[in-house]
Amino acid sequence: MPTLSVVVPFHNEENNVAELYSPLHAVMQGVDWSYQFIFVDDGSTDRTYKVLKELAAIDPRVTVVRLRRNFGQTAALAAGFAHSSGEYVIAMDGDLQHDPADIPMFLQKLEEGYDIVSGWRHRRMDNLWLRRIPSRCANWLMAKLSGVDIHDFGTTFKAYRRELLSQLPLYGEMHRFIPALASWYGASICEVPIQNNHRKHGVSHYNISRTFRVMFDLITIRFLLKYMSRPLHFFGRLGVVNMASGSAIAFCLLMLKVVSGSSIVQEHGLLMTFAAVLILGGLQLLALGLLGELLVWQYFNPSARTPYSVSQVLDVNTVMSVG
C-alpha cells in the first residue's frame, strides 16, 4: 500500500485549521493509501499552533512542525517536506481555497506514473484586475521561460514523488517553480483541474511585493535551467560582445588618429574611456564565467577536491595478506 504525506503550511489561520482538517481527514479515509498529515505553523501569532497541537493530540497521523518565526511559504513547505516520510507528497494551502475532495484526482495521476501532478485553477474566484490578469500573464511568461507547458505555476496544490523533492533546492519563492526545476531532471508532469474556493476566514497574505520576488526567482530559474552546468556560455557571450564592441571603437579611434592626426584624448576622450570600460568589463565577465566553470567542475567532480593524484600504493601488509 503506497504511503502519502499531506503537507499544509499555516500562518495565522486559527479559524481555518479545524475546518480544513475535517474534510481532509474524511477524504483520506476513503482512499486506499496509508497517510500522514504534516501541518507546519509558519510563525503564527494567533492561536494556530494551539489548535494544531490539539489535533496532534487526538490524531496520531498528525505531525506538527512549528517554525520559530515566519519564514515564508517556500520555507514552510521545505520544512514539511523534510519531516514527511511518505513515498508521495501532496502540498496544499491552509486557507480553505483548496478543496480536499480533489485529492483523489492527484492520486490517480500518481498511480499512472507521473512524477509531478500540478493543480490548475481553471475557474479562479480572485479579483479580475488585481489577481487573475497579472497571474495569467505571469504564468504565460513562466511557461515560455521554463519550457514547462502548464497553466498554473502559482498554486501550491501539487503532488510529488518523494525522491524528486529530495533533489530540488527550495528557497525564496521557489516552490512555484518546482515543475520547472524538476523538468531539468527529466520529470514527467501533468495538470488536473481543481476547485478555487473563496477564502472564508482571515486575510490573504498576497501583496505586490511577492510579485517582484517571484519575477526575480523566475530570472534565477531561467539561468539555472539553461546555464547551470555551463555558466561560461552566458557570461562569456556577454564578455565577448563587450570586448568586441570596445575593440571596434578603439580601432576606429586609432584609424582616426593615423589618418587625421587629431588628438584623440582631447577630441574623443569620453569615447576612448567608454571603449576601455567595455574591454575591461568584457574581461571581467569572461573571468566570472571561468570561475563559474571551476565551481561547476568542482561540484560534479568531488574527487577533484584533493590537490594530488595517486598513481599507485604499495602496502607491504596488504601484499603479505593477499599472498
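Cross-link partners for residue 144 among the aspartates and glutamates, with Cα-Cα distance under 14 Å and sequence neighbours closer than 8 places in the same chain left out: 152.
Set the Förster distance to 25 Å, then compute FRET efficiency between residue 220 and residue 137 from the Cβ-Cβ distance, nearest 0.05. Don't jump to the answer; show the numbers that get you there.
On the way: r = 19 Å, r/R0 = 0.76.
Efficiency, from the Cβ-Cβ distance: 0.85.
Legend: helices of the chain (whole DSSP H runs) are marked when their alpha-carbon atoms reach 18 angstrom or more along the helix axis and their mean Kyte-Doolittle hydropathy is at least 0.0; marked are 133-146, 208-227, 231-260, 264-300. Take the Cβ atoms of residue 53 and residue 167, set R0 to 25 Å, and the FRET efficiency comes out at 0.15. Each label point was placed 7 Å from the Cα along the Cα-to-Cβ direction; for residue 264 and residue 296 their separation is 3.6 nm. Shape class for the range 1-136, computed from the alpha carbon gyration tensor (a ≥ b ≥ c): oblate, with a/c not under 1.5 and a/b at or below b/c. Applying 1/(1 + (r/R0)^6) with R0 = 51 Å to the Cβ-Cβ distance of residue 105 and residue 237 gives a FRET efficiency near 0.70.
If you take every DSSP beta bridge fully contained in the chain, what fraction is antiparallel? Give it as a percent rounded to 5. Please report the intermediate quantities before stating the final value.
Details: 7 of 29 bridges.
The antiparallel fraction comes to roughly 25 percent.
In square angstrom, what is the accessible area per residue of the chain with a 1.4 angstrom probe? Intermediate values should be presented prior to the final figure.
On the way: 18250 Å² over 323 residues.
So the chain comes to 56 Å² accessible per residue, rounded to a whole number.
Taking the Cα centre as origin and putting +1 on Lys and Arg beta-carbons and -1 on Asp and Glu beta-carbons, what dipole magnitude results for the chain, to the nearest 20 debye? It would help to have the intermediate numbers written out before the result.
On the way: 29 positive and 27 negative charges, 182 e Å.
Roughly 880 debye for the chain.
Taking amide H as placed 1.01 Å from N in the peptide plane, residue 120 has its amide H under 5 Å from the amide H of 192, 194, each at least 5 places away in sequence or on another chain.
How big is the Cα convex hull of the chain in projection, averaged over all directions, in nm²? Mean shadow area of the hull around the Cα atoms is 29.1 nm². Of 312, 154, 165, which is farthest on the positive side of the dipole of the chain, counting Cα position, with +1 on Lys and Arg Cβ, -1 on Asp and Glu Cβ, and the Cα centre as origin? Sorting the options by dipole projection puts first 154.
Take the solvent-accessible surface of the protein heavy atoms, probe 1.4 Å, and return the percent of it on the chain that carbon and sulfur atoms account for.
Using a 1.4 Å probe with all protein chains present, the chain comes out at 61 percent carbon and sulfur.
Working note: 222 nm ellipticity from helices only, DSSP H runs with n ≥ 4, each -39,500 (n - 2.57), summed and divided by the residues of the chain, gives -16500 deg cm²/dmol to the nearest 500.
Just how many % of Cα pairs in the range 14-66 lie over 16 Å apart, if you round to the nearest whole percent? Intermediate results must be reported in sequence, preceding the final value.
Working: 538 of 1378 pairs.
The share of Cα pairs beyond 16 Å in the range 14-66 comes to 39 percent.
The charge dipole of the range 55-146, taken about the Cα centre with unit charges on the Cβ atoms of Lys, Arg (+1) and Asp, Glu (-1), comes to about 580 debye, rounded to the nearest 20.
Taking 20 Å as the straight-line reach from the Cα of residue 226, the aspartates and glutamates in range (excluding those fewer than 8 positions away in the same chain) are 149, 173, 217, 293. Here's how it looks for residue 3: its modeled amide H is under 5 Å from those of 87, 88, which are all 5 or more places away or on a different chain.
The values are calculated or read from the model by the stated rules, or taken from the named source; none is laboratory data. All figures in this text were calculated on a predicted structure; none of them were measured in a lab. Neighbour counts run over all protein chains shown; Cβ positions are idealised from the backbone, glycine included. SASA here: full protein model, heavy atoms, side chains in, ligands and nucleic acids out. Shrake-Rupley method; radii C 1.70, N 1.55, O 1.52, S 1.80 Å.
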